[in-house]
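Novice: Below is a structure I'd like to ask you about.
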Amino acid sequence: MKKQFTSVLLLIAFLMVQFSISAQQKNGFAIRFNRVNYITPRIDYGLNIQDVNFNDIYKVHDLAVVELAYYRHLSDGRSSLSIPLKIGYARIPTGVYQLGDNQVIGSADFAMQHTLFNHNRYRFNPYIMYGLGGHYAAILDDWDIQAPVGLGFNYKIDENIFFNAQSQYRISSDKHHGWHHGVGIMFNFGGEAEPEIPKVTDRDGDGVLDINDQCPDVAGPAGLLGCPDKDGDGVADKDDKCPDVLGVVALMGCPDKDGDGIGDSEDNCPDVKGIAAFKGCPDTDGDGIQDKEDNCPREKGTVALKGCPDSDGDGIADKDDACPKEKGIAANRGCPAIADKDADGIADKDDACPDKAGDAAHKGCPDTDGDGVYDNDDRCITKPGPASNKGCPEIKKEDKVKLQNIIKNVQFETGSDKLLAKSTAVLDEVVSIMNQYPEYSLMISGHTDNVGDAAKNLDLSKRRAKTCNDYLASKGIAASRMKHDGFGATRPVADNATKAGRDTNRRVDFDLTVN
């Protein structure tokens, strides 16, 4: 074991010396006074561990160990090679239950030390250390190989003077382990001095060092390299054409309220986005005439008509042209020579009935059937009827009675949308009425009572209405004249609490209306 430790020690020492040769020349010297807890079980102790009174052995401490250490600081500024030497006294056990007198102990090591910071740049600088060395105890008259490991720190008192504290545990090849706690002073001296570090200054105190600060005497944000920005627009005052007004970077700090890329100071329309050709004023329709001079700003037009369009090219703007799609003359408000096919004095372009003579009060339309409803509003031009029925004749009283009977007599198989055989004759009467009143449309509505599931009732009512619709279509009634829907039990016409009421509510309604 000793031979192996010795080989490793020699190898590490050789490497450390080689490293120090190329390192930066900077020396150090330390003196420390150590408190030692030294455990040295004698080789001739009993074979049983219970024979050793460890409680007493671990309590032994002595203050008589002095340490002198030489340091060579390496070129990385944070590593040092050290050769510490220790000599002093420790109380060493001399028997199984006996603690002997103070005995001389000594050690010599090669160690590496790594500080958290550059070795002389910061006031407080912690470090770790490790190494290999030899230890001598007089009572054993023998050397053993030990590996010290520990933690410490240096506290800067003056430029090259440091207070030092260190705790070290020594691992022994012969079980002579122990703690060494020391305090003392370290000095740096001699050798090649470290390059002087330029003094770091920040005259304006803005957190940007003067070396990087473009305005070192005036505080400013880091994003602007230390230059101020009074209006907070992201443009440094030294580059800001409008330093007292919030602006945009693209305009060197000047404002642009409408965001058209033209600074407000040069914008003739600063509140409305425009184009450079009109000094910031808009041309919404893009016809080359700015809106404030354009009589039709939302329609592309011509310069001659102050921006208004002329679809037919007759020189009359569409907004003033009574016939904007036909080339005409100014005397006729842009229309060609008046056309009036029915010779009722109303130009065809204004005549709702250009093929029938009428009067101006009714857009040139007559009242063909003389019912007081003029043809432009009359759904039955050749059949007189009241205005309330759009000029169509009302359904005869007897036909209304038929419809009421039909509602009662259209029947289906229970719980089904299949018509009973006798119901087809009833629906044939509906066909007859529809043929008699061709101007009318039919709405077919299915209904149920409230017995059973509401969703099923709704579905059944819709299917029954469709069945009636399909039957009438099969008899030649145009699909465009009919609509159908179902409403389940939502529209009762009688009390569902009675059987008679429920029978009444199970129905299909047929409502005729004028298109």
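The values are calculated or read from the model by the stated rules, or taken from the named source; none is laboratory data. Quantities reported herein were computed from a predicted structural model and do not represent experimental measurements. Backbone-built Cβ (ideal geometry, glycine too); neighbour counts: all protein chains shown.
Novice: Which count do you get for residues in region 471-490 that are touching a strand residue (DSSP E or B) at 6+ places or on another chain (Cβ under 9 Å) and closer than 20 Å to S441 by Cβ?
Specialist: Step one: of region 471-490, the residues touching a strand residue (DSSP E or B) at 6+ places or on another chain (Cβ under 9 Å) are 471-473, 477, 480-490.
From what is left, the residues that are closer than 20 Å to S441 by Cβ are 471-473, 477, 480-487.
The total comes to 12.
Novice: Working only within region 243-268, note down all residues that are more than 19 Å from Q290 (Cβ to Cβ) and either modelled with pLDDT of 85 or more or not small (G, A, S) (or both).
Specialist: P243, D244, V245, L246, V248, V249, L251, M252, C254, P255, listed by residue number.
Novice: Looking at D271, D294 in this structure, which one is at pLDDT below 85 and out of contact with any helix residue (DSSP H, G or I) (no Cβ under 7 Å at 6 or more places or on another chain)? If you could, list the steps in order and put the result at the bottom.
Specialist: On the way: D294 fails: at pLDDT below 85.
Selected residue: D271, the only one of D271, D294 that is at pLDDT below 85 and out of contact with any helix residue (DSSP H, G or I) (no Cβ under 7 Å at 6 or more places or on another chain).
Novice: Moving on. Within region 395-433, how many residues are in contact (Cβ under 8 Å) with a residue 60 or more places away in the chain and buried (at least 16 other Cβ atoms within 10 Å of the Cβ)? Reasoning before the result, please.
Specialist: First pass over region 395-433, keeping only residues in contact (Cβ under 8 Å) with a residue 60 or more places away in the chain: 395, 403, 406-408, 410, 430, 433.
Still in the running and buried (at least 16 other Cβ atoms within 10 Å of the Cβ): 395, 403, 406-407, 410, 430, 433.
Within region 395-433, residues that are in contact (Cβ under 8 Å) with a residue 60 or more places away in the chain and buried (at least 16 other Cβ atoms within 10 Å of the Cβ) number 7.
Novice: Answer yes or no as to whether G226 is in a strand (DSSP E or B) and crowded, with 17+ Cβ neighbours inside 10 Å.
Specialist: Details: in a strand (DSSP E or B): no; crowded, with 17+ Cβ neighbours inside 10 Å: yes.
When the stated conditions are applied, G226 does not pass them.
Novice: While we're on this one: Limited to region 68-87, what total is found for residues that are crowded, with 17+ Cβ neighbours inside 10 Å and either within 11 Å of A108 (Cβ to Cβ) or polar (S, T, N, Q) (or both)?
Specialist: Within region 68-87, residues that are crowded, with 17+ Cβ neighbours inside 10 Å and either within 11 Å of A108 (Cβ to Cβ) or polar (S, T, N, Q) (or both) number 7.
Novice: Could I ask something else about it? Looking at this structure, is A322 of a type outside the set (K, R) and in contact (Cβ under 8 Å) with a residue 24 or more places away in the chain? First the steps, then the outcome.
Specialist: Details: of a type outside the set (K, R): yes; in contact (Cβ under 8 Å) with a residue 24 or more places away in the chain: yes.
Answer is yes for this residue.
Novice: Hey, V235 hits all of (1) at pLDDT below 85; (2) crowded, with 19+ Cβ neighbours inside 10 Å but one; which does it fall short on?
Specialist: Of the numbered conditions (1) at pLDDT below 85; (2) crowded, with 19+ Cβ neighbours inside 10 Å, the odd one out for V235 is (1).
Novice: Further question: Take the residues in region 463-513 that are buried (at least 18 other Cβ atoms within 10 Å of the Cβ) and of a type in the set (K, R); name whichever of them is nearest to I406 (Cα to Cα).
Specialist: R507
Novice: Could you list, in sequence order, the residues of region 385-394 that are assigned to a loop (DSSP other than H, G, I, E, B) and surrounded by fewer than 17 Cβ atoms within 10 Å (Cβ to Cβ)?
Specialist: Listed by number, the residues that qualify are P386, K390, E394.
Novice: Just one of D449, D367 is surrounded by 12 or more Cβ atoms within 10 Å (Cβ to Cβ), modelled with pLDDT under 85 and part of a loop (DSSP other than H, G, I, E, B); which is it?
Specialist: D367
Novice: Can you confirm whether region 78-98 contains a residue that is at pLDDT 75 or above, under 22 Å from A165 (Cβ atoms) and either outside the structural domain of Y130 (by TED's automatic domain parsing) or not in a strand (DSSP E or B) (or both)? Lay out the reasoning, then the answer.
Specialist: In the first step, residues of region 78-98 are kept if they are at pLDDT 75 or above; the result is 78-88.
In the following step, the residues that additionally are under 22 Å from A165 (Cβ atoms) were identified as 78-88.
Now drop any that are not either outside the structural domain of Y130 (by TED's automatic domain parsing) or not in a strand (DSSP E or B) (or both), which leaves 78.
Scanning region 78-98 turns up at least one residue that is at pLDDT 75 or above, under 22 Å from A165 (Cβ atoms) and either outside the structural domain of Y130 (by TED's automatic domain parsing) or not in a strand (DSSP E or B) (or both).
Novice: For region 163-178, which residues satisfy the criterion of being under 15 Å from E67 (Cβ atoms) and in contact (Cβ under 8 Å) with a residue 24 or more places away in the chain?
Specialist: N164, Q166, Q168, R170, G178
Novice: Looking at (1) within 30 Å of D229 (Cβ to Cβ); (2) at pLDDT below 85; (3) crowded, with 16+ Cβ neighbours inside 10 Å, can you tell me which one D344 breaks?
Specialist: Result: D344 passes all but (1).
Novice: Within the set of pairs 6 or more residues apart or between chains, which connect a residue that is closer than 19 Å to S461 by Cβ inside region 491-515 to a residue that is among the basic types (K, R) and surrounded by 18 or more Cβ atoms within 10 Å (Cβ to Cβ) with Cβ atoms less than 9 Å apart?
Specialist: Close Cβ pairs satisfying both conditions: P492/R502; V493/R507; A494/R502; D495/R502; N496/R502; V508/R464.
Novice: How do the pairs read when you match residues in region 458-478 that are in the same structural domain as R491 (by TED's automatic domain parsing) with residues anywhere that are part of a helix (DSSP H, G or I) and charged (D, E, K, R), using Cβ under 8 Å and keeping only pairs 6 or more apart or on different chains?
Specialist: K475/D428
Novice: Look at C380 and say whether it is closer than 30 Å to T513 by Cα, in a loop (DSSP other than H, G, I, E, B) and either at pLDDT 85 or above or basic (K, R) (or both).
Specialist: It is true that C380 is closer than 30 Å to T513 by Cα, in a loop (DSSP other than H, G, I, E, B) and either at pLDDT 85 or above or basic (K, R) (or both).
Rundown of residues vs (1) under 27 Å from D350 (Cα atoms); (2) outside the structural domain of K349 (by TED's automatic domain parsing); (3) not in a helix (DSSP H, G or I), yes/no style:
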| site | (1), (2), (3) |
| --- | --- |
| E299 | yes, yes, yes |
| A304 | no, yes, yes |
| S311 | yes, yes, yes |
| D314 | yes, yes, yes |
| K327 | yes, yes, yes |
| A331 | yes, yes, no |
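Novice: If you check V200 against the conditions, is it crowded, with 17+ Cβ neighbours inside 10 Å, hydrophobic (A, V, I, L, M, F, W, C) and either at pLDDT 85 or above or at negative phi (or both)?
Specialist: No; evaluated as a whole, the condition is false for this residue.
Novice: Test of understanding: among I145, I105, I139, I128, which residue is farther than 17 Å from F33 by Cα, at pLDDT below 90, out of contact with any Cys (no Cβ under 7 Å at 6 or more places or on another chain) and part of a strand (DSSP E or B)? Even if it seems obvious, please write down each step before you answer.
Specialist: Numbers: I105 fails: farther than 17 Å from F33 by Cα; I139 fails: part of a strand (DSSP E or B); I128 fails: at pLDDT below 90.
The match here is I145.
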